[in-house]
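The values are calculated or read from the model by the stated rules, or taken from the named source; none is laboratory data. The model shown is predicted, which means the values in this text are computed figures rather than measured ones. Counting neighbours? That spans all protein chains shown, and the Cβs are built from the backbone with ideal geometry, glycine included. For the accessible areas, the whole protein counts, side chains as well, though only heavy atoms, and no ligand, DNA or RNA atoms are used. Shrake-Rupley method; radii C 1.70, N 1.55, O 1.52, S 1.80 Å.
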Number of protein chains: 2
Amino acid sequence: MKLSEFELEVINLMWELKESTAPALHQEICKTKNVTYSTVKTIIDRLEKKSAIKRIKNYGRTIVYAPAIEQSSLQKPLIKTFISKVCAGNPRLLLNHLLEDEKLSDDDLAYLQSVLDKRK
Amino acid sequence: MKLSEFELEVINLMWELKESTAPALHQEICKTKNVTYSTVKTIIDRLEKKSAIKRIKNYGRTIVYAPAIEQSSLQKPLIKTFISKVCAGNPRLLLNHLLEDEKLSDDDLAYLQSVLDKRK
DNA sequence: ATTTAATAATGACAAGTGTAGAGATGAGTT
DNA sequence: AACTCATCTCTACACTTGTCATTATTAAAT
């Protein structure tokens, strides 16, 4: 399955919220981008056509959607592709960004350390 | 600047090779994908129009191209976007892939260790 | 029961992308 | 000088993507 950037943005919200509606997602997205309800709904429709999300119930006429695929099932191939395409043979920058800008949990750090120990 | 996936693939080769020609790049890409010379040349033309690569000389009629932008100038924003879009708040999988599948140099590992030490 | 305001469905369009064929052109070969 | 083959240039086309307007529909308010 291949999702566009915008589709990815929407399904990410969906994973975060567990379930949501078109009006709610529109509001959420409007915090960062100025797009109409129509635009967001189109993306939702496309996600549905791709079977990435599904309708689970209704509030009045409002459709409630939920993810139909797992986050990791999308992440894995994307990560592989990204690293090979963007960081081809030179992962240092990525590493750097991860360590400096992302908030790694203590758990993540401990994991990192354990891997490093093994490598020695 | 925004490059498509295919454009990215080609300019990555270019960074690796320092300079190259359409026929050479075509051959290289054919190792993994079955595309015609025309297709590859179109991508090269688009990269040129976007000023991502430039002509530096000729061998006979064959044009030699070289990157016109730095690898890191593209990587940085892409990495930021990617992590926020794909790994939204959950960088563990990415970390994992980096550590397990990518060949990190000793230098990279030492760097990692030094960052970890500082965090303690 | 009517009206209204919100939500959904449909259709559309320009730009970008992957893909390639056809024709021009010229460097090297005979 | 003529020819040929590799390479370049130009054009094209279907598909995806971001974007939205319009129209249909119906729950809720009057």
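Tabulated values for the structure
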item: Subset of the range A:13-33 [in contact (Cβ under 8 Å) with a residue 12 or more places away in the chain and of a type outside the set (Asp, Glu)]; result: A:13, A:14, A:15, A:18, A:20, A:21, A:22, A:23, A:25, A:26, A:29
item: Residues located in the range B:1-36, provided they are modelled with pLDDT of 95 or more, under 16 Å from the mean Cα position of the chain (by Cα) and open to solvent by 90 Å² or more (accessible area, probe 1.4 Å); result: B:18
item: Failed condition for residue A:72, given (1) at the interface with another protein chain (Cβ under 8 Å from one of its Cβ atoms); (2) small (Gly, Ala, Ser); (3) open to solvent by less than 30 Å² (accessible area, probe 1.4 Å); result: (3)
item: Residue among A:36, A:32, A:42 that alone is near DNA strand D (Cβ under 8 Å from one of its atoms) and either within 14 Å of another protein chain (Cβ to nearest Cβ) or under 28 Å from residue A:81 (Cα atoms) (or both); result: A:42
item: Residue B:63 at pLDDT 95 or above, of a type in the set (A, V, I, L, M) and surrounded by 15 or more Cβ atoms within 10 Å (Cβ to Cβ); result: yes
item: Helices (runs of 4 or more DSSP H) contained entirely in the range A:40-120, each with at least 3 residues that are basic (Lys, Arg); result: A:71-86
item: Those residues of the range A:101-120 which are modelled with pLDDT of 80 or more and facing another protein chain (nearest Cβ under 7 Å), in sequence order; result: A:108, A:109, A:112, A:113, A:115, A:116
item: Answer residue from the range A:37-59, given it is exposed (fewer than 11 other Cβ atoms within 10 Å of the Cβ) and among the polar types (S, T, N, Q) and is nearest to DNA strand C (Cβ to nearest atom) among those; result: A:38
